[in-house]
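**Q** Got a structure for you, questions after.
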Amino acid sequence: MAIIYEKEYNGQVIKINDHFVADPDETYTNAARTAYTIHAEGAAQGTNTYWQQPWTFLMPDSWIVQIEGSGISPRGNFTKALYFSVNDFTEEPRDTLLLAIAGNNFYNQLATQQRNLYLPDNNMWSAAYSSDLQATFSTNLPIFEDKQTAEAYCNETSETVRKNMIMQSAVNYKNSEEEPDTVDLEINNYGVLQIWTAEGQQDAHSTTLIYRCFKIKKTAGEITFYKIPGIDGDSLKYGIKYSNDFEAYYIGYSEDGGNTYTQVDQLPYNFIYRKRENELGRFYASPIDVELDSSNTGIPTWDSEEDADDYLDGNKDITEATNWPTISKNYPITNGTEEGESATEFGETYIRSVFSQLYMLSSGGLSEISNGLFDVSVNGIWEKIQKGIEMYGTDPMQCVQGLTYYPFDLSSIFTNYADQQYVYFGGYQLQMQNTAKKILFPQGYKDLGTMTIKRSFNDWRDFEPYTKLFVYLPYVGVQQLSLARYYGKTVTVRYYVDIRTAVCMVVLIANGIMLDYFMGQMGVQMPITLTDFARYSANQINTIMQGATSALSAVNPFCGSIAKIGLASASSLYASEQADIKENGSWAKLASHTHDGSKNAIAATVAGEVGAMGLAGGLTAMKTTFELSQNGINGYNKTKGSATSMLNCYLPQYITFMFEIMESDESEYLNELAGKPTNMSGRIGDFSGYLECDDVMLICPIATDAERQEIINLVRAGIYL
Amino acid sequence: MELRLYNTSSAHNVVRKQMSLLATLTGELKENCRMENVTMNVTYFADYYRCNYAYIPEFHRYYYVNVMLIDGNQVRLIMKSDPLTSFYDGYKNSKVIARRSSSNVNPNLPDDRVPFKPVPKIIHRKCGTAFVPSSSGYCYVLTLGGK
């Protein structure tokens with residue numbers, strides 16, 4: 001028997017073997033199902049105990065449990081069901097998947113044993129335990145997923161309808177009258193016993209219905225036909241062969257021409273037969289089609305038993321079958337490669353620019369950087385000028401490459417990043433209070449959702465041009481999709497983002513295979529404006545020099561001349577050595593450079609004194625000039641980049657699939673009066689109602705030529721059968 | 001020769017015609033004729049004006065009938081065979097490739113007999129989660145030259 005259901009928990013598996021067969025129309029009474037069996041097989045270890053006969057446990061080699069309902073000693077009327085349960089036991093091994101019994105009004109006196117058991121009721125435990133439960137069960141009790149449903153089933157005694165509804169949710173439920181939805185093989189053309197004593201003369205008694213009608217739905221293995229030789233003319237006799245591993249979910253044969261089928265373990269015959277018309281003799285004529293093309297769903301036929309054996313042994317391919325052209329439609333298209341479809345292997349990028357860095361920033365972090373770079377307070381600006389060389393020659397704009405906004409938190413895609421409290425402008429480290437997330441590898445994608453595309457009409461109207469499928473993709477736009485490619489598939493919409501160009505790529509994926517991709521612009525690029533501190537600082541130096549010179553000149557023309565000399569030297573010194581400019585120290589240093597004390601101590605003294613005298617007035621003037629020049633700092637701002645549109649952000653941010661469906665206005669009588677399109681091949685008698693044909697191979701020996709032609713013309717124009 | 005006279009309201013392209021028996025008569029062939037075109041004179045019968053169909057067992061054929069009144073108590077029946085109904089059992093096993101059918105439809109084949117309303121129906125189905133533009137998350141990328 002096949003496994004129909006598996007429940008796994010924490011490495012332990014309970015398998016349900018076969019269906020619980022029930023008739024939903026059966027009226028259940030309290031007396032129903034008082035007798036039941038549970039048959040279990042599985043690996044087990046440990047000892048076994050039992051409370052009451054006839055429970056039988058064969059342990060530990062083969063774990064077989066046979067429980068008869070009568071052994072439960074029920075008191076009064078009750079209904080039982082099983083349910084899956086997970087219990088956390090106090091003893092090892094704990095946390096075990098159980099199959100538990102629910103019942104109403106049980107006589108619960110089974111011994112309690114806290115092991116991982118498999119058949120406990122509320123207060124009762126059966127015997128065996130296993131540390132490695134791999135049990136297979138078959139039972140005629142319904143098994144439910146949870147205790148609540150099982151109890152609802154057991155307690156529902158008054159309303160049969162309700163009880164049956166619950167019963168049908170059992171994992172092992174099966175209607176006893178149910179037949180398989182589809183069959184692998186169906187020979188449904190019944191025949192009659194025909195005795196032909198002479199050509200054209202059929203014996204009057206040859207009307208016995210025969211029952212070579214059968215259906216098979218296999219679960220494993222192969223079934224095939226082979227032509228039995230020695231049959232004359234158009235008669236055919238096919239033997240039926242099965243592979244050694246053949247198993248069938250359903251085998252049925254009919255004795256009433258296919259009206260009702262009886263389920264059996266194996267067919268009561270191993271061949272089918274079709275007699276040639278007017279062949280003399282005695283025939284059990286199962287009128288199989290010559291090529292078995294309309295009555296099966298892909299069973300191969302062979303010219304000989306040897307070929308059939310080779311096929312079942314794997315030495316012949318099904319494409320070599322004699323009826324392959326007919327049955328090939330039942331097999332998947334292999335693209336000529338005979339290989340299955342390959343899943344799409346998406347590429348990965350390891351592109352990492354070590355010369356520039358990508359920082360993910362919040363608006364707070366971005367503001368902090370902006371404020372830092374525009375900090376023109378006296379201390380701030382001097383600090384930055386001091387660091388000017390490190391910072392691209394005092395122009396931070398030189399190291400800014402771009403600023404882009406994205407409509408979602410980038411850290412959800414680019415997960416390979418480092419949190420930092422600073423960013424680097426060239427070699428200059430700008431400290432931050434906020435965290436900048438430095439992207440280490442710019443690789444990632446975002447799955448925004450899935451959508452299952454289903455057909456609306458299940459006919460030709462589901463396809464273009466009658467139905468069209470569009471998808472609106474944020475930041476890409478509306479794209480039309482090919483319906484044939486999408487029907488029956490669950491589509492995942494995946495966004496890739498190129499963080500350097502702000503371009504996004506949307507990939508539509510189903511079953512691991514890329515169906516379509518589209519490109520769009522996602523990021524909003526923003527211009528950046530920063531101050532060119534190189535020009536600004538140079539201007540400041542000039543301003544300082546001019547202010548100091550003017551001040552000294554105003555105090556004493558002589559001293560002013562000396563001061564000019566000193567200032568010229570100081571300016572040169574600044575340019576060459578980047579000396580710290582301090583109000584007193586710098587001037588002292590300047591003096592020591594300008595006037596070598598060993599050569600002219602007097603001059604040094606004079607110059608120092610005179611310089612000191614001019615400094616007070618010079619600095620006053622310089623300060624005023626600097627404050628004025630601050631107001632003009634915007635004149636040194638530079639802007640890089642330009643803004644791209646952010647209007648996409650105003651459009652819907654949801655992915656939306658749009659079906660544009662032409663609504664048909666079909667006449668109520670269309671099928672009755674004019675039929676519907678078909679390309680079916682068959683015999684005229686196979687049809688009913690309206691029939692209109694393209695091709696007719698008319699067999700009507702009694703009619704005259706003119707009458708045959710009239711029939712053909714009418715069948716082509718349309719007749720009502 | 002036996003002749004069964006009917007009234008039928010069924011069209012010519014109906015195989016199993018609805019018919020009501022008016023009279024069963026005997027008649028003689030008016031002249032030599034082919035089986036598919038037969039002319040007979042029969043005695044006057046009451047419902048002759050309703051007669052439009054006939055069956056001649058000897059010929060195994062049904063016929064469309066035109067009735068002509070002739071002198072005396074005679075009625076002339078001009079009959080043309082209806083092979084579609086007459087020989088159905090003979091040709092029902094003939095193989096065909098059907099184009100239209102009421103019983104065996106291929107739902108995937110377009111039907112040019114079906115008209116459509118001029119305005120299509122639009123169905124929108126949202127999918128998954130939306131982008132959530134925000135300035136508070138890590139939504140900005142600053143690219144800097146540097147280490």
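The values are calculated or read from the model by the stated rules, or taken from the named source; none is laboratory data. Computed from a predicted model, the values in this text were never measured in an experiment. Note that each Cβ is placed from the backbone with ideal geometry, even for glycine, and that neighbours are counted across all protein chains shown. Quick note on the areas: whole protein, heavy atoms, side chains included, nothing else; ligands and nucleic acids left out. Shrake-Rupley method; radii C 1.70, N 1.55, O 1.52, S 1.80 Å.
**Q** Taking segment B:77-103 only, how many residues are open to solvent by 60 Å² or more (accessible area, probe 1.4 Å) and either within 9 Å of another protein chain (Cβ to nearest Cβ) or not aliphatic (A, V, I, L, M) (or both)?
**A** Of the residues in segment B:77-103, 7 are open to solvent by 60 Å² or more (accessible area, probe 1.4 Å) and either within 9 Å of another protein chain (Cβ to nearest Cβ) or not aliphatic (A, V, I, L, M) (or both).
**Q** Taking the residues in segment A:447-494 that are hydroxyl-bearing (Ser, Thr, Tyr) and assigned to a strand (DSSP E or B) as candidates, determine which candidate is nearest to A:THR656 (Cα to Cα).
**A** A:TYR472
**Q** Any residue in segment A:707-719 that's at the interface with chain B (Cβ under 7 Å from one of its Cβ atoms) and of a type in the set (Asp, Glu): show its pairings with residues that are part of a helix (DSSP H, G or I) and surrounded by 17 or more Cβ atoms within 10 Å (Cβ to Cβ) at Cβ separation under 8 Å, as long as the two are six or more apart or on different chains.
**A** As it stands, the answer is A:GLU707/B:PRO83; A:GLU707/B:SER86; A:GLU710/B:PRO83; A:GLU710/B:LEU84, since those pairs meet every condition given.
**Q** Shifting gears a bit: Could you go through segment A:645-666 and let me know if any residue there is facing chain B (nearest Cβ under 7 Å), closer than 30 Å to A:LEU469 by Cα, at pLDDT below 85 and not in a strand (DSSP E or B).
**A** Within segment A:645-666, one or more residues are facing chain B (nearest Cβ under 7 Å), closer than 30 Å to A:LEU469 by Cα, at pLDDT below 85 and not in a strand (DSSP E or B).
**Q** Also, I was wondering about something else. Scan segment A:486-500 and tell me whether some residue there is open to solvent by less than 50 Å² (accessible area, probe 1.4 Å) and under 30 Å from B:ASP112 (Cα atoms).
**A** The answer is yes, given that some residue of segment A:486-500 is open to solvent by less than 50 Å² (accessible area, probe 1.4 Å) and under 30 Å from B:ASP112 (Cα atoms).
**Q** Go through segment A:421-446 and give me each residue that's open to solvent by 20 Å² or more (accessible area, probe 1.4 Å) and not in a strand (DSSP E or B).
**A** Result: A:GLY427, A:LEU440, A:PHE441, A:PRO442, A:GLN443.
**Q** Here is a follow-up. When both residues are 6+ apart or on different chains and their Cβ atoms are under 7 Å apart, which pairs have a first residue that lies in segment A:397-410 and is closer than 11 Å to A:LYS446 by Cβ and more than 7 Å from chain B (Cβ to nearest Cβ), and a second that is buried (at least 23 other Cβ atoms within 10 Å of the Cβ) and at pLDDT below 85?
**A** Between residues of segment A:397-410 that are closer than 11 Å to A:LYS446 by Cβ and more than 7 Å from chain B (Cβ to nearest Cβ) and residues that are buried (at least 23 other Cβ atoms within 10 Å of the Cβ) and at pLDDT below 85, there is no close pair.
**Q** Just to check your reading of the model, which residue among B:MET35, B:MET19, B:MET1, B:MET68 is among the hydrophobic types (A, V, I, L, M, F, W, C), in contact with a Ser or Thr (Cβ under 7 Å, 6 or more places away or on another chain) and farther than 24 Å from A:ALA706 by Cα?
**A** Step by step, each of B:MET35, B:MET19, B:MET1, B:MET68 is checked, and only B:MET19 is among the hydrophobic types (A, V, I, L, M, F, W, C), in contact with a Ser or Thr (Cβ under 7 Å, 6 or more places away or on another chain) and farther than 24 Å from A:ALA706 by Cα.
**Q** Moving to a separate point now. Inspect all residues belonging to segment B:61-74 and state whether any of them is at the interface with another protein chain (Cβ under 10 Å from one of its Cβ atoms), surrounded by 19 or more Cβ atoms within 10 Å (Cβ to Cβ) and either assigned to a loop (DSSP other than H, G, I, E, B) or among the small types (Gly, Ala, Ser) (or both).
**A** No, there is no match, as no residue in segment B:61-74 is at the interface with another protein chain (Cβ under 10 Å from one of its Cβ atoms), surrounded by 19 or more Cβ atoms within 10 Å (Cβ to Cβ) and either assigned to a loop (DSSP other than H, G, I, E, B) or among the small types (Gly, Ala, Ser) (or both).
**Q** Looking at segment B:117-132 only, could you name the residues that are over 15 Å from A:SER411 (Cβ atoms) and either out of contact with any strand residue (DSSP E or B) (no Cβ under 7 Å at 6 or more places or on another chain) or assigned to a loop (DSSP other than H, G, I, E, B) (or both)?
**A** Once the filter is applied, which keeps residues that are over 15 Å from A:SER411 (Cβ atoms) and either out of contact with any strand residue (DSSP E or B) (no Cβ under 7 Å at 6 or more places or on another chain) or assigned to a loop (DSSP other than H, G, I, E, B) (or both), segment B:117-132 yields B:LYS117, B:PRO118, B:VAL119, B:PRO120, B:GLY128, B:THR129, B:ALA130.
**Q** Continuing with this model, one more query. Which residues, taken from segment A:400-416, are more than 21 Å from B:PRO133 (Cα to Cα) and surrounded by fewer than 20 Cβ atoms within 10 Å (Cβ to Cβ)?
**A** Answer for segment A:400-416, where residues must be more than 21 Å from B:PRO133 (Cα to Cα) and surrounded by fewer than 20 Cβ atoms within 10 Å (Cβ to Cβ): A:GLN401, A:ASN416.
**Q** Could you go through segment B:90-109 and let me know if any residue there is over 28 Å from the mean Cα position of the chain (by Cα) and not in a loop (DSSP other than H, G, I, E, B).
**A** Checked segment B:90-109: no residue is over 28 Å from the mean Cα position of the chain (by Cα) and not in a loop (DSSP other than H, G, I, E, B).
**Q** With the structure loaded, tell me whether A:TYR690 is open to solvent by less than 80 Å² (accessible area, probe 1.4 Å) and of a type in the set (Ser, Thr, Tyr) or whether it fails that test.
**A** Answer is yes for this residue.
**Q** Look through segment B:1-55, keep the residues that are of a type in the set (Gly, Ala, Ser) and more than 14 Å from chain A (Cβ to nearest Cβ), and return whichever of them is nearest to B:ASN66 (Cα to Cα).
**A** B:ALA54
**Q** For segment A:697-721, give me each residue that is among the hydroxyl-bearing types (Ser, Thr, Tyr) and over 56 Å from the mean Cα position of the chain (by Cα).
**A** Correct list: A:THR704 only.
**Q** Could I ask something else about it? Anything in segment A:453-466 that is open to solvent by less than 50 Å² (accessible area, probe 1.4 Å) and more than 9 Å from chain B (Cβ to nearest Cβ)? List them, or say none.
**A** Across segment A:453-466, the qualifying residue is only A:ILE453.
**Q** Out of B:TYR49, B:TYR55, report the one residue that is free of Cβ contacts under 8 Å to residues at least 24 places away in the same chain, aromatic (Phe, Trp, Tyr) and open to solvent by 30 Å² or more (accessible area, probe 1.4 Å).
**A** Going through B:TYR49, B:TYR55 in turn, just one is free of Cβ contacts under 8 Å to residues at least 24 places away in the same chain, aromatic (Phe, Trp, Tyr) and open to solvent by 30 Å² or more (accessible area, probe 1.4 Å): B:TYR49.
For (1) over 24 Å from A:LEU714 (Cβ atoms); (2) of a type in the set (Phe, Trp, Tyr), each residue gets a yes or a no:
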| site | (1), (2) |
| --- | --- |
| B:THR26 | yes, no |
| B:GLU31 | yes, no |
| B:MET35 | no, no |
| B:MET40 | yes, no |
| B:TYR55 | no, yes |
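**Q** Given the condition facing chain A (nearest Cβ under 8 Å), surrounded by 14 or more Cβ atoms within 10 Å (Cβ to Cβ), under 22 Å from A:GLY718 (Cβ atoms) and among the aromatic types (Phe, Trp, Tyr), answer yes or no: does some residue in segment B:109-130 qualify?
**A** No, segment B:109-130 contains no residue that is facing chain A (nearest Cβ under 8 Å), surrounded by 14 or more Cβ atoms within 10 Å (Cβ to Cβ), under 22 Å from A:GLY718 (Cβ atoms) and among the aromatic types (Phe, Trp, Tyr).
**Q** Is it the case, given these coordinates, that A:SER456 is modelled with pLDDT of 90 or more and under 24 Å from the mean Cα position of the chain (by Cα)?
**A** Criteria not met by A:SER456.
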